[in-house]
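The values are calculated or read from the model by the stated rules, or taken from the named source; none is laboratory data. Computed from a predicted structure; not experimentally measured. Ideal geometry is used to build each Cβ from the backbone, glycine not excepted, and the neighbour counts take in all protein chains shown.
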Amino acid sequence: MTGSLSRDVILTILVSAILIWIMPLMIATYTLTVLVIYGMLGLSLGLIWGFGGILCFGQAAFFGLGAYTYAIAAINIGESTVPMILAVLVPAVFAALLGAMMFYGRLTDVYLGVITLVVTLILFKFMNSTAGPQYVIGKARMGGFNGIPGFQTLNVPGDPSAFIWGDAYFYVCAVALAIVFVLVSALLRSSFGRVAVGIRENETRIALMGYDVRARKTALFAVGAAIAGLAGALFANWGEIVTPNLFSLSQSAEIIIWCIVGGLGTRLGPILGAAGLAYLKFLLGQQSMIDNTLIMGLILVLFVLFLPRGIVPALASLWRISFGRRPLGRIHQVRRTRNRERLNG
Amino acid sequence: MAEIVLETQALTMRFGGVTAADNVNFKLRARELRCLIGPNGAGKSTFFKCVTGLQTPTEGQVFMRGHETTHWMPHQIASLGVGIKMQTPSVMDNLNVFENIWLAARRFYPSDEAGRKTTEMIERLALGSIARSNLGQLAHGERQRVELGLVAVADPWLVLLDEPAAGMSAEDVDRMTDIIRELNKTAAIVIVEHDMQFIRSIAEQVTVFHQGAVLMEDHVDRVMADPQVRNVYLGKKA
Amino acid sequence: MDLSFVILVEMLYAVASLILIGAGLAVVFGMMKVINLAHGEFMMMGGYATITAVNLGVNVFVAMLVIAPLIVGLIGLVVERLVIRHLYGRLVDTMLATWGLSLFFIGMTTMIFGNTTTGISTPIPGFAVGGYQINGYNFFIIVVSVLLLIGILAVLKTTRAGLVARGAMQRADMAASLGYSPDRIYMATFFCGSALSGLAGAVLAPLVGLVPTSGGAYIAKAFITVIAGGPSLVAGLLSSAGFFGIVSQVFTFAISPVIGEVALLVAAVILLRLLPQGITGRFLKGRL
Amino acid sequence: MTLNRRKFLGATAAMTGAAMLPRAVLAADTIKLGSIVDTSGIFDAYGKPMDMALRLAVNEINGAGGLLGRKIEVMAYDTQSDMALYSQYAQQLTRQDKVDVVHGGILSASREAIRQTMRKTGTLYFYNVQYEGGVCDRNIFCNGLTPAQQAEVLVPWAMKEAGGKKVYTLAADYNYGQITARWIEKYVRDAGGEVLSTDFFPLDVADFGATIAKIQTAAPDLVIAPLVGGAHLSFFRQWAASGMKDKIPLASTTLGVGNEHKVLTPEEGNGIMVAYSYSQDLDTPANTAFKERWSAAYGDPSALHELAISTYYGVHTWAKGVEMAGSVERDAVVAALETGVSFDGPAGKYTVDPKTHHATVDVHLMKFKDQKMDVVETLSQRPPIDTQTVCDLEANPDDNTQYEIQI
């Protein structure tokens, strides 16, 4: 089991090294950076939904919370290291409290969806109504609808004047995603991750085995929120402004669409779904023949109808069907297919 | 006399105006095997759910090896070393046999030992050929066997089984009986069951439920011969 | 005295509009266990249908009460045939597909009508209560929602279709075994649900400025009202709309509209935490 | 992608009736003008006419032989009302397309999202939207109205019309609304009046029943409502529906910017007082000629609004600066514009205020009448007095802040 994890790590390092080298030749790094950040956000929901069975309609809440935490802390502290850490911790703690409230109350599926959606709405409405001068945290004005611009962006730890931006920032984000990916892989291979999958499959059975489902779901929920928070902080640094739109329902919707299109129950799916759709949106912005909302909606409907498992699992089975039957080099292929399956979780 | 591992005192469960379990006093000793029988709606399943923590009784107490577990959650009860199997197969369909059993073993043993115990259990249950198949693809009997395996792998001292033989072929039932006998060497077992054939083949002591209350409690042969029991239960069925 | 009357009317109006907003979603959810996240867009399209009809010279009440429900009902029928019927029994998938539909309809409406705010004026004049002017249209909305509830009750209780519907609500397979094709029941239900959404959108249209994204403002409220109401259709709708309407108006009058909305949301979280099956999952069980 | 965009641009150019330029010319030595506005999503009612006005202005300049003998090429991106796309396209325009000037941004947040990128990359930036004021940055020119420019003239006039001193303010709850509300309060006090209460509403509030009751309890002589967007339009509907419209007069600094007066019926809208630098209904030869040009390019001019006109002015003002500087190089153009360039157009004269890089404009006091804006009085050349109190780029050319103006 440890063997396959180390193989996972090596594979991840290789693939991400190649991608980090090749991708900037095709897409501008500034755009790539945000694709990477969205990938991380997709992964955060992919983890809790695809592996833990928790459908959260408000993953954007943690994303926004991470971004706001970073912005507010950065204005007050003027150095980016502590704000980055806070941006991971605050959403995680918030999610732990929210999760505890929901899971210890035995709320499931639709009700869970309503609560997460409502909490996101509350945050959205609250952030939108903080335009007045009375909403201040330390030195940071909350800014309401207009958000918070002009905070200290990422710097080399300990040196507030050495900003990390441009291409360097892309490498930071890409490496951060690779690290998060490896950590998620390790988590899923650990007993905790396996039990989480068990919970997704059959909550009652896992409880009857003696596992505390409530605590484990809460913990997984918090881990997902921590990743989303990190993505939020990276996003804040990238955009150099945070606005309440980060909390909006459409943002939450997009994260769910990424996961569905990419493929649930895989680690790569949500990342690819996020990056792919965000890039599609970026490309669509350069034409104005067809309304872009319409296209996004159509994509979601078609996927739910015809490819409900998402692209990555579908490709994986296609791979198996088309290569698995070949007599020549079959063993080799099978091994590769297996690797791929492992890669996909 | 062996120690008492499960005891209920005046256990009562009401749903609205209906009393599903009525003042049940029940005792089970270590390594005892007890069958609960009774017609539909007699309260055996309600009793089972109250004991396993799936429902909280309206009145009365439940004790397990001296702990009062009345208001405990199922996972707390299971953590004591109590194995529970529900009526319908409750397994993880998209995981394979090994993973299913491993998850149960992992709760009580470190990762490596859990793997070893899982392999052993798979051998014992003769599931080796399908160890890597997902549960969703298996036949009903195989699924029941896997579930029993994941109850047994945790080395419980008390096992609660709700209709383990339901819907199984004669061959499967025989194999099931063997497994339960094996389990019974180390654990006390409570079986809620309909199938009289199965009960005859396995049980000694039997508790008969009727209208939520315990009608009688005795050796299986005497219970079968009892006219009152025949009247409320067997008579209807035969 | 006058003010308290005005506040009372505003509260009744808030409750009534929540009932209207929730009704279409509740019918579809209660009977089919399908959550239609395009519900808000159905309402929005009801509004557009009304405005278009009025601009074509149709009487405003005919447009609101007949044309809009019919058109939106038909759109719902198409949606049910093309999308929803493939997804019965998959709650999460239907939510996602209808979410996609909602985006699709927003895009579609934008392409047809553009993104400028449109609207029609209220067909009923305001009147004075003591020293206060009051919006006469509020009463219309209150009346429509009361009639709507009575109508739903009457259909469910007295008609054959209602009987089948009640059966299907309890046990879908039961209705099927009695010889009613569930396919047709679902089709009819979705048509009715969509028509109710269209009606709600049409009736509320004169009070708001309509844009293609207007639906978003309704869906969250509708969703919350229906889920918090729980399994019973009429009792659930009435109890949760009553609860949320009063809570939000009390805070709106006492503090501000924002706090009113936030109070509604917070109340929803607390309510669902205490009654995870909704109000009628705990109380008023078995009512319609 | 580039090819496709060119094709598309070509198609647009043909559609708008301008001479279709050979691709070789386009690709060669053109001046690149970047545009980022929302032409889809919830803000496209503002963005679409802005995009059209920008292209109209560019086509006019190109039709007259271009700028410095070179054609202007528009590179436009649709931000789809998504803030993240503003940042991305700003990077795209400045780092890859290497445009000579950028026009765009609608919401203040979108401006702040791209302003620093423009400054860092030395790309001249025009923000052509009515906003809350206070931006002080030598790299940016803001030629939209700011609150004081409107409130200064609107408030005393509306109070006089209403014949009373008690004012109730309802403002959109964001930066613009908050600041506007403060200016309104100042000018109400200056006119000897009193603001009874100021209520703020987030942009998605659509139910004003309780508010209308509250207003009646307070019994003001005048309601000033800088409310913004589709949801807030409901206030004016509900106000009329409750029969209040003929009892207490209304004024607004925002209603009509998105052509809301055409959505409200005459019964709902008539009599509402506003102050803008432009209205479609301005009866001047310049405006008539402009509307004809617009109709020739796009057909019906009814979507035209203040922001589109500001964009039109923005492009022409920039072009004048380039002509004067004889170069598209940023510092030269800025220096040229700082001489106080002005441009005469459909809304009268816009003059660059060198101290603030904001615009001095003509302001028209208007009343809604039968879905039109009826000019009551025109006040010529009102300077951006609010931004002037905090910003002096002549003294501090390196300033780079958005000030919150203390009153």
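Scan segment B:72-130 for residues that are among the charged types (D, E, K, R), facing chain A (nearest Cβ under 8 Å) and surrounded by fewer than 18 Cβ atoms within 10 Å (Cβ to Cβ) and jot them down.
Listed by number, the list holds a single entry, B:93.
Within segment B:214-227, can one find any residue that is buried (at least 21 other Cβ atoms within 10 Å of the Cβ) and touching a Leu at 6+ places or on another chain (Cβ under 8 Å)?
no
When you scan segment A:281-294, do you find a residue that is touching a residue at least 24 places away in the same chain (Cβ under 8 Å), within 25 Å of residue C:98 (Cβ to Cβ) and among the aliphatic types (A, V, I, L, M), even just one?
no
Report those strands (runs of 3 or more DSSP E) wholly inside segment D:335-407 carrying at least 1 residues which are β-branched (Val, Ile, Thr) and surrounded by 20 or more Cβ atoms within 10 Å (Cβ to Cβ).
The strands (runs of 3 or more DSSP E) meeting that bar are D:348-353, D:358-369.
Checking residue A:42 against (1) more than 30 Å from residue A:107 (Cα to Cα); (2) modelled with pLDDT of 90 or more, which single condition isn't satisfied?
Failed condition: (1).
Can you find, within segment D:156-174, the residue that is surrounded by the most Cβ atoms within 10 Å (Cβ to Cβ) among those that are in a strand (DSSP E or B) and of a type outside the set (A, V, I, L, M, F, W, C)?
D:169
Among the numbered criteria (1) more than 18 Å from residue C:133 (Cβ to Cβ); (2) surrounded by fewer than 22 Cβ atoms within 10 Å (Cβ to Cβ); (3) out of contact with any Asp or Glu (no Cβ under 6 Å at 6 or more places or on another chain), which one does residue D:261 miss?
So residue D:261 meets the others, but not (2).
So which of C:152, C:141 is buried (at least 19 other Cβ atoms within 10 Å of the Cβ), within 11 Å of chain D (Cβ to nearest Cβ) and touching a residue at least 60 places away in the same chain (Cβ under 8 Å)?
Every option except C:141 fails the conditions.
So which of C:37, C:3, C:70 is farther than 25 Å from residue C:250 by Cβ, touching a helix residue (DSSP H, G or I) at 6+ places or on another chain (Cβ under 9 Å) and surrounded by fewer than 19 Cβ atoms within 10 Å (Cβ to Cβ)?
C:70
The conditions are (1) of a type in the set (A, V, I, L, M, F, W, C); (2) surrounded by fewer than 22 Cβ atoms within 10 Å (Cβ to Cβ); (3) in a strand (DSSP E or B), and residue B:191 fails exactly one of them. Which is it?
(2)
Would you please list the contacts, defined by Cβ atoms under 6 Å and residues six or more apart or on different chains, that run from a residue in segment D:253-269 that is more than 22 Å from residue C:123 (Cα to Cα) to a residue that is assigned to a helix (DSSP H, G or I)?
D:253/D:150; D:253/D:180; D:257/D:306; D:258/D:45
When only residues in segment C:164-210 that are surrounded by fewer than 24 Cβ atoms within 10 Å (Cβ to Cβ) and at pLDDT 90 or above count, which is nearest to the chain's Cα centre (by Cα)?
C:192
Select from segment D:189-204 the residues that are buried (at least 24 other Cβ atoms within 10 Å of the Cβ) and either farther than 24 Å from residue D:107 by Cβ or more than 7 Å from every other protein chain (Cβ to nearest Cβ) (or both) and list them in ascending order.
none
Can you list the helices (runs of 4 or more DSSP H) found entirely within segment B:34-135 that contain at least 1 residues being touching a Pro at 6+ places or on another chain (Cβ under 8 Å)?
Counting at least 1 such residues, we get B:44-52.
Conditions tested, residue by residue: (1) within 14 Å of chain C (Cβ to nearest Cβ); (2) closer than 23 Å to residue C:8 by Cα.
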residue: D:151; (1), (2): no, no
residue: D:154; (1), (2): no, no
residue: D:165; (1), (2): no, no
residue: D:176; (1), (2): no, no
residue: D:206; (1), (2): yes, yes
residue: D:210; (1), (2): yes, yes
residue: D:227; (1), (2): yes, no
residue: D:254; (1), (2): yes, no
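Do we have any residue at all in segment D:229-244 that's of a type in the set (D, E, K, R) and either in contact with a Ser or Thr (Cβ under 8 Å, 6 or more places away or on another chain) or crowded, with 24+ Cβ neighbours inside 10 Å (or both)?
Checking segment D:229-244: at least one residue is of a type in the set (D, E, K, R) and either in contact with a Ser or Thr (Cβ under 8 Å, 6 or more places away or on another chain) or crowded, with 24+ Cβ neighbours inside 10 Å (or both).
Residues that are away from every other protein chain (no Cβ under 14 Å), modelled with pLDDT of 85 or more and in a loop (DSSP other than H, G, I, E, B): does segment A:318-341 have at least one?
So far as segment A:318-341 goes, no, none of its residues is away from every other protein chain (no Cβ under 14 Å), modelled with pLDDT of 85 or more and in a loop (DSSP other than H, G, I, E, B).
Just for segment C:99-113: of the residues that are polar (S, T, N, Q) and either closer than 15 Å to residue C:218 by Cβ or not in a helix (DSSP H, G or I) (or both), which one is nearest to the other protein chains (Cβ to nearest Cβ)?
Ranking the qualifying residues of segment C:99-113, first place goes to C:102.
Spot the failing condition for residue D:45; the list is (1) farther than 20 Å from residue D:114 by Cβ; (2) within 12 Å of chain A (Cβ to nearest Cβ), and only one is missed.
Result: residue D:45 passes all but (2).
Could you please find all residues in segment B:21-54 being aliphatic (A, V, I, L, M) and crowded, with 22+ Cβ neighbours inside 10 Å?
Passing the criteria: B:21, B:24, B:28, B:36, B:37, B:42, B:51.
Please go through segment A:208-242 and give me each residue that is surrounded by fewer than 24 Cβ atoms within 10 Å (Cβ to Cβ), aliphatic (A, V, I, L, M) and within 7 Å of another protein chain (Cβ to nearest Cβ), ordered by number.
Hit for segment A:208-242 is A:213, nothing else.
Evaluate segment A:109-129: report whether one residue or more is over 25 Å from the mean Cα position of the chain (by Cα) and buried (at least 21 other Cβ atoms within 10 Å of the Cβ).
yes
Any idea which residue in segment A:79-101 is farthest from residue D:205 (Cα to Cα), counting only those that are in contact with a helix residue (DSSP H, G or I) (Cβ under 8 Å, 6 or more places away or on another chain) and free of Cβ contacts under 8 Å to residues at least 24 places away in the same chain?
Looking at the filtered set, the residue picked out is A:82.
For residue C:89, all conditions in the list (1) under 30 Å from residue A:50 (Cβ atoms); (2) buried (at least 23 other Cβ atoms within 10 Å of the Cβ); (3) of a type in the set (Gly, Ala, Ser); (4) at pLDDT below 90 hold save one; what is the number of the exception?
(2)
Looking at the structure I just gave you, is residue A:53 small (Gly, Ala, Ser) and under 30 Å from residue D:96 (Cα atoms)?
no
Looking only at segment D:46-71, filter to residues that are among the charged types (D, E, K, R) and in a helix (DSSP H, G or I); which one of those is surrounded by the fewest Cβ atoms within 10 Å (Cβ to Cβ)?
Top of the filtered list is D:60.
Exactly one condition in (1) surrounded by 21 or more Cβ atoms within 10 Å (Cβ to Cβ); (2) more than 11 Å from chain A (Cβ to nearest Cβ); (3) under 20 Å from the mean Cα position of the chain (by Cα) is false for residue B:65; which is it?
(1)
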